[in-house]
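Asker: Mind having a look at this structure? Questions to follow.
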Amino acid sequence: MPAHADSFSITTRGKGTYEITDRCQQAVRASGIQTGTATIFVQHTSCSLVIFENADPSARTDLHAFFDHLVPEDTPYFVHTYEGPDDMPSHLRMALTRTSEVIPVMNGRLALGTWQGIFLFEHRRAPHTRSIVISVVGE
């Protein structure tokens, strides 16, 4: 079964969601695979990947607010705070989401729904450069 691997980096401006759908679609096209699956993986422990609404930015605003409420910074019982008050909350937010997504490939494209996009979910306040790896297998 043919397989193709690719990678790219994305520089964030700090906390928030950054759409990477087009970059992932490019990797699938470059693979030449028409039918199969694509696995998208982020190589970090303080950011994650989410498939989320990509038509209305207010949905992502609500996602950010929800996670700020769910896992607040400056929680007094966190011990792992070496890199600042957003250190442990970033790791917990990553654990509550995912570091990889597996998406079907059909007709040489990611089979995402109409309003679905793939987003890097940056959990740290400071800008970071994040590495994404994509593996496409199929025929």
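Asker: List every residue whose amide H lies under 5 Å from the amide H of residue 125, counting only residues 5 or more places away in sequence or on a different chain, with H placed 1.01 Å from N in the peptide plane.
Answerer: Distant-sequence amide H within range of residue 125: 15.
Asker: With +1 on the Cβ of every Lys and Arg and -1 on the Cβ of every Asp and Glu, and nothing else charged, how large is the dipole of the chain about its Cα centre, in debye rounded to the nearest 20?
Answerer: Here the size comes out at about 300 debye.
Asker: Angle, helix 57-70 long axis vs. longest principal axis of the chain, Cα atoms, 0 to 90°, nearest 10?
Answerer: 50 degrees
Asker: Defining a contact as two alpha carbons under 8 Å apart and six or more residues distant in sequence, what relative contact order in percent does the chain show?
Answerer: Dividing the mean separation by the residue count of the chain yields 55 percent.
Asker: Trypsin sites (Lys or Arg not before Pro) within segment 1-44: which are DSSP loop residues with at most 12 other Cβ atoms inside 10 Å?
Answerer: Answer by residue number: 13.
Asker: Taking R0 as 30 Å, what's the FRET efficiency between residue 116 and residue 75 from their Cβ-Cβ distance, rounded to 0.05?
Answerer: The pair residue 116/residue 75 has a calculated efficiency of 0.40.
Asker: Further, regarding this structure: Could you calculate the FRET efficiency of residue 139 with residue 18 from 1/(1 + (r/R0)^6), where r is the beta carbon distance between them and R0 is 35 Å, rounded to 0.05?
Answerer: For residue 139 and residue 18, the calculated efficiency is 0.65.
Asker: Positive end of the dipole of segment 3-138, charges at C-beta (+1 Lys, Arg; -1 Asp, Glu), about the Cα centre: which of 70, 129, 9 has its Cα farthest in that direction?
Answerer: The one lying farthest along the dipole's positive direction is 9.
Asker: Follow-up question, since we're still on this one. Could you tell me how many degrees, from 0 to 90 and to the nearest 10, lie between the Cα long axis of helix 21-31 and the main elongation axis, the longest principal axis, of the Cα atoms of the chain?
Answerer: Taking Cα atoms only, the helix is inclined about 40 degrees.
Just so you know, all these numbers are worked out from the coordinates, no wet-lab data involved. What you are looking at is a predicted structure, and each value in this text was computed from that prediction instead of being measured. Every residue, glycine as well, gets a Cβ built from its backbone with ideal geometry; the counts of neighbours run over all protein chains shown.
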